[in-house]
Amino acid sequence: MSTRLFGALCAALSLTLTPLLAQEQQVRYHLSFPNAVHHEAQISVTFTGIKSDTLQVLMPRSSPGRYALHEFAKNVYSVKATDSKGQELRVSRFSPHEWHVSGHQGEVTLSYTLFGDHADGTYTGIDETHAHLNMPATLTYARGFEQAPARVIFRMPQGSNWKVATQLQPLNDSTFQAPNFQYLMDSPTELSDFAFAEWQVQDGAKSKTIQVAMHHQGTQAAFDSYVASTKKIVAEQQAVFGKLPDFDFDRYTFIACYGPQAVGDGMEHRNSTILTSSRPLLTSMNPLLNTVSHEFFHAWNVERLRPASLEPFDFQEANMSEALWLAEGFTTYYGDLTMRRTGIFDLKKYSSDLAGDLNYVLLSPGRHYHSLVEMSLQAPFVDAARSVDPHNRHNTFISYYTYGSVLGLGLDLTLRRDFNTTLDAYMQALWQKYGQPEKPYTLHDLEQTLAEVTKDTAWAADFFRRQVYGSELPDYAALLAEAGLQVRKDNPGKAGLGMANFAYSKQGAKLMNGTYVTSPLYKAGLDRGDVILTIDGRKVTSEKEMEKIMKRLKPTHSVPLTYQRHGTVRKATLIMEEIPTLEVVPFEAAGKELTPAMQQFRQAWLGAKTK
């Protein structure tokens, strides 16, 4: 080929390709719900400015705030593609969650049907009353378009009064936009005739809007009460950090869905949260508000004060972090603490919840297997992950939510007692160094900041070595006594079998779960599926009979037991142990003196921070 001919050919190709390459990358979604009664949405997405011969379209496999895989592609079907002229294009299924489209001339419109019947913080739920859309469970995306702006158009069912609640930027009543793929995936949306309230919160020189959009079947009075309590929660948590986050558009939205079609959950997002439950608002107000409290604290802790190990979020893989004990655990601690500081929980309720958390963490054998950091790293296996094979997690795992919360409790009380500072001060310091500038942190950063707050580098290093990288915990009885709260056995002198779940029948008591390594049943050799026939010669055919037998026994007793395994009757010896569970009781309820110093300590810890 001559040089002149080659040059002419290159020029011609250049003229052909220039319009294609010059096209601005854009993504446009259209969603409609003609078959909502059967939980379907019709979705199309147009990709403009494609720069490769083959467009690679994917369905997410994970979701913001979740750490396990969920394989959302299982609910996508009837996939078709057309070019800019409406001509059908060939679609090939490259993997379970990826489709390839070629021959497109720079633009592809992909259409598909989505099935969604699980309204919670992770999935999508659609019916004739609403469309509850978690975007990773709803929208496909394309490689190479991660930084392209996206526009989303919702087409409401004819005759409906559906409105839109979302953190996306509105262009009109039905059209919204996101600056990029990550923001779009982080923007759950509720379409329904929801109840709505909003108010202004002064935050320094700025005024910010807080909204509540709730799809529910309750009364207006119940909704108003919920909103009033949410205002208190917002104010108390603002007081912890000294300011609200810089919400986009100066707006934060609580998106709630309470009703029989919902599944209990809460999920944080940058400028909003999803709150779901099948429990009715009127009779479950406080538990639902407890989720509000937890999720709003995430607006600081996780959404902006964020572990480096979660950056950037990968929508095709499980997302693992060693810092979930702080990201989720400390958030759980403050979620509960806020409920007490607002007065929504009284001291008796808060103390009872503390006892439940302490019993779970102190009595679970998991600390003998893994450190707190390792518990955080287990998230991809436990965070709403689905599997069918039996596991030994009841022995080897303690939730980083509760474990981290109990660590936060111990650290808060220790800082107050020994360092004349608080966990509030620690969170403020972390916020100023890493949250407000949105600089992802490492565990070393957390340790260094604790050293700065306590002015004791050696103590901070020792705390992290023993309680974060290790499995030690402080003396909670001594710490809680500072606030006039007594930790004591709640069944002293009573014998028990340990934590176990039985299904009773005329044959006996069948163990429905694996036994705990610390329990008399485990030590006697019993496991899941075994049927206890007799204890100390007495048949066990009902829960009432089991209670009668236990009342006759003492922790020091050694008694015979018969059980059936795989059709064979076996014998064992049970060595009874005292029921180890604890309770937390205010000194004044336990008949002990509550000193002025204890009252002052308690008020500084549990009292309201707002005027």
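The values are calculated or read from the model by the stated rules, or taken from the named source; none is laboratory data. Since the structure is predicted, the reported quantities are computational estimates derived from the model, not experimental observations. FYI the Cβ positions are ideal-geometry reconstructions off the backbone, even for glycines, and counts take in every protein chain you see.
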With respect to the numbered conditions (1) surrounded by fewer than 16 Cβ atoms within 10 Å (Cβ to Cβ); (2) without any contact (Cβ under 8 Å) to a residue 60 or more places away in the chain; (3) of a type in the set (S, T, Y), which one is the sole condition not fulfilled by S352?
(2)
How about segment 328-341: which of its residues are in contact with a strand residue (DSSP E or B) (Cβ under 7 Å, 6 or more places away or on another chain) and surrounded by fewer than 24 Cβ atoms within 10 Å (Cβ to Cβ)?
none
Answer yes or no as to whether I535 is surrounded by 14 or more Cβ atoms within 10 Å (Cβ to Cβ), at pLDDT 95 or above and under 30 Å from R340 (Cβ atoms).
no
Would you mind listing the strands (runs of 3 or more DSSP E) fully within segment 116-225 where at least 3 residues are touching a residue at least 60 places away in the same chain (Cβ under 8 Å)?
125-127, 130-133, 150-155, 189-192
Report the residue count in segment 141-174 for those that are within 23 Å of G125 (Cβ to Cβ) and either in contact with a strand residue (DSSP E or B) (Cβ under 9 Å, 6 or more places away or on another chain) or of a type in the set (K, R) (or both).
20
Residues that are over 18 Å from T166 (Cα atoms), part of a helix (DSSP H, G or I), at pLDDT 95 or above and not polar (S, T, N, Q): does segment 241-253 have at least one?
yes
Criterion first (surrounded by fewer than 21 Cβ atoms within 10 Å (Cβ to Cβ) and not aliphatic (A, V, I, L, M)) does S160 satisfy it?
yes
Restricting attention to segment 562-577, does a residue exist that is surrounded by 14 or more Cβ atoms within 10 Å (Cβ to Cβ), over 17 Å from T515 (Cβ atoms) and either among the small types (G, A, S) or touching a residue at least 40 places away in the same chain (Cβ under 8 Å) (or both)?
no
Got a number for residues in segment 121-173 being under 23 Å from the mean Cα position of the chain (by Cα), within 18 Å of N35 (Cβ to Cβ) and polar (S, T, N, Q)?
2
Are there any pairs with C-beta distances below 8 angstrom linking a residue in segment 254-278 that is modelled with pLDDT under 95 and outside any strand (DSSP E or B) to a residue that is of a type in the set (A, V, I, L, M, F, W, C) and surrounded by 21 or more Cβ atoms within 10 Å (Cβ to Cβ), with the two at least 6 apart or on different chains, and if so which?
Q261/A119
Any residue at all in segment 210-225 that is modelled with pLDDT under 95 and buried (at least 16 other Cβ atoms within 10 Å of the Cβ)?
yes
Got a sec? Which helices (runs of 4 or more DSSP H) wholly within segment 379-458 have at least 2 residues that are under 16 Å from T331 (Cα atoms) and within 22 Å of the chain's Cα centre (by Cα)?
400-418, 423-430
